[in-house]
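See below for the structure under consideration.
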Amino acid sequence: MAEGLSRIAMSSGLAASLSRATDYARERGHGEVTLEHMLLALCDDPEAVLVLAASNVNVAELVAEVGGQLASFPTRAQMADIDLVVAPDMRRILEAAAAAARGGRRREINGAIVLAAIVGDGKSAAAQVLSNLGMTFEGAIRALQSKPTPEPEQRALPAPDAEAILAGARERVQSRTGTMPRRQLPNVETTFEAEREPEPLHVEETYAPPPAAEEAEPPYQHRYAPPTGYEPEPAFEPSAAAGPDHYREVEPQYEAPAYEHAPSDDEQLMPASAPFPPPIPVPDAHDSWMPPPSPAAPSGSRFGAPPPP
């Protein structure tokens, strides 16, 4: 069991309470050290007893109630050299308290811190027993705040705020169980002076217009100068004004062909410019055609003239 809790820094009183809890579990034949064993051992812890007394918890009733719950635990053969294990709930409570102590710059945890972490968890049977006897997480915080402070020569470092440590322990315990209660913050009124922003330095600025740019002469201006007596020609000459007969109608220069008679429906398909009926050309010498004479057939031929009788 010491291997699982060796990395948790404990006070001498809490280490003694853990040893008593281990003895209680071994004497009753239990296989693991639970929060009930630890709660029974914290009844003899001086720092935890102060918190119980400040919360008006009867220690005798607490011992009787926890003893009744331990009597219902299953037992096994009692062996002196048996190696007990730490219950998961107890390991979770101790690790959460140690993490909160490290966050509050505290080097170790004691029985009062563990007792407040148990009641702040609110999920275990040990927390239910403390709640039934009238102990609350807020009452444990007030009891820790009212504890007498040690002598200056006994403390090397200033003790951190116990309320902040317990509140952090409670948050870590609840985060491991899956539920996160509302954080109980201490009612401490602190005032902070608001930091003033430095006033900007006022610098008067005078506006001066920029100097006018000097027009630079084009290079080699004499090369592109026009010759003497040069007159540019106009790009276009205006036309003369239009006279009154500029827009007169122009008569056609040809005569439309005259038809001899009104065309029929079929004749209307011909173009209007074609004369109807078309004139018949006068035949000339090339238009007279006669078939050429047939050559003389040989005598006795079937194609020639018949022989005389």
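Bear in mind these aren't lab numbers, they're just calculated from the coordinates by the rules spelled out. Everything numeric in this text was worked out from a predicted model, so none of it was measured. All Cβ positions, glycine included, derive from the backbone under ideal geometry; neighbour counts span all protein chains shown.
Restricting the first member to the stretch 121-132 and to residues that are on the phi < 0 side of the Ramachandran plot and in contact (Cβ under 8 Å) with a residue 24 or more places away in the chain, and the second to residues that are in a helix (DSSP H, G or I) and surrounded by fewer than 18 Cβ atoms within 10 Å (Cβ to Cβ), the beta-carbon pairs closer than 6 Å and six or more apart or on different chains are Lys123/Thr177.
Scanning the stretch 6-61 for residues that are part of a helix (DSSP H, G or I) and among the hydroxyl-bearing types (Ser, Thr, Tyr) yields a total of 5.
Here is a check on your reading of the model: is Glu61 touching a strand residue (DSSP E or B) at 6+ places or on another chain (Cβ under 9 Å), surrounded by fewer than 24 Cβ atoms within 10 Å (Cβ to Cβ) and in contact (Cβ under 8 Å) with a residue 40 or more places away in the chain? Criteria not met by Glu61.
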